[in-house]
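Worksheet: the structure to be examined is printed underneath.
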Amino acid sequence: MTQIRAFIALDLPQPIQDSIEKESSRLQKILGQETIRWTPIQNMHLTLKFLGNIPNNHVDFLKQMLTQLSDSHSAFDLQIGGLGSFPSGKLIRVLWLGIQPAAELTSLQRDVDAGTARLGYEKEARAFSPHLTLGRVKQNIHPNEMQKIRNAIQTFQLGKIPSARVDSVHLYQSDLHQNGSVYTKLFSAKLS
């Protein structure tokens with residue numbers, strides 16, 4: 001049976017994309033390209049549920065679930081707030097922009113997780129931590145470079161990023177390539 005790699009996510013409205021691209025460019029000038037693989041703005045999204053490899057025939061079930069789920073959730077505003085890293089401030093693997101967890105966002109993510117669990121996908125073990133991945137730190141970098149990244153996270157002043165309306169939830173296919181992932185939107189469900 002053919003499988004695809006899939007996830008459920010929210011797209012970023014254009015005003016947020018434009019602001020993030022500007023802020024990411026500022027940060028890239030400070031940190032450079034050698035130690036961090038930066039996320040292209042067209043690949044940036046807010047993941048609600050990573051599904052992993054799924055059988056092709058599950059796509060229709062996921063579409064039905066998203067359609068039903070979207071009817072019970074209203075559009076809401078997304079607000080970016082702060083720069084951070086995973087897994088910790090000492091060992092940095094991912095640079096991210098945080099998202100203020102509005103009640104509507106948290107409720108939508110919880111319902112997506114519950115809906116996919118009913119379809120047989122594992123529930124999330126970790127608490128939802130809404131974020132946008134700016135970049136991934138390359139392996140085996142020099143300790144001085146890691147310190148430079150830590151300093152940037154602590155001192156970087158994030159410019160104004162406007163809030164924007166999110167009105168749809170999407171099912172994506174993710175294809176891994178040598179130059180990074182390519183995302184294909186398979187389905188969109190409009191929030192009520």
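Values for this structure:
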| quantity | calculated |
| --- | --- |
| Any strands (runs of 3 or more DSSP E) falling wholly within the range 17-90 and containing at least 2 residues that are surrounded by fewer than 16 Cβ atoms within 10 Å (Cβ to Cβ) | 46-55, 80-87 |
| Residues (under 13 Å from the mean Cα position of the chain (by Cα) and either β-branched (Val, Ile, Thr) or over 22 Å from ILE41 (Cα atoms) (or both)) located in the range 78-107 | ILE80, VAL94, ILE99 |
| Members of the range 100-145 found to be free of Cβ contacts under 8 Å to residues at least 12 places away in the same chain, assigned to a loop (DSSP other than H, G, I, E, B) and farther than 29 Å from GLN28 by Cα, listed by number | GLY120, GLU122, LYS123, ALA125, ARG126, ALA127 |
| Members of the range 146-192 found to be part of a loop (DSSP other than H, G, I, E, B) and closer than 30 Å to LEU62 by Cα, listed by number | SER163, ASP167, GLN178, ASN179, LEU191, SER192 |
| Single residue of LEU12, LEU46, LEU51 found to be of a type in the set (A, V, I, L, M, F, W, C) and at pLDDT below 95 | LEU12 |
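This table checks each residue for (1) touching a residue at least 40 places away in the same chain (Cβ under 8 Å); (2) aromatic (Phe, Trp, Tyr); (3) surrounded by 10 or more Cβ atoms within 10 Å (Cβ to Cβ); (4) over 17 Å from GLN14 (Cα atoms).
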position	(1), (2), (3), (4)
ILE153	yes, no, yes, yes
PHE156	yes, yes, yes, yes
PRO162	yes, no, yes, no
HIS170	yes, no, yes, no
ASP175	yes, no, yes, yes
TYR183	yes, yes, yes, yes
PHE187	yes, yes, yes, yes
LEU191	yes, no, yes, yes
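The values are calculated or read from the model by the stated rules, or taken from the named source; none is laboratory data. What you see is a predicted model; the values in this text were computed from it and never measured. For neighbour counting, all protein chains shown are included, and Cβ atoms are generated from backbone atoms with ideal geometry for every residue, glycine included.
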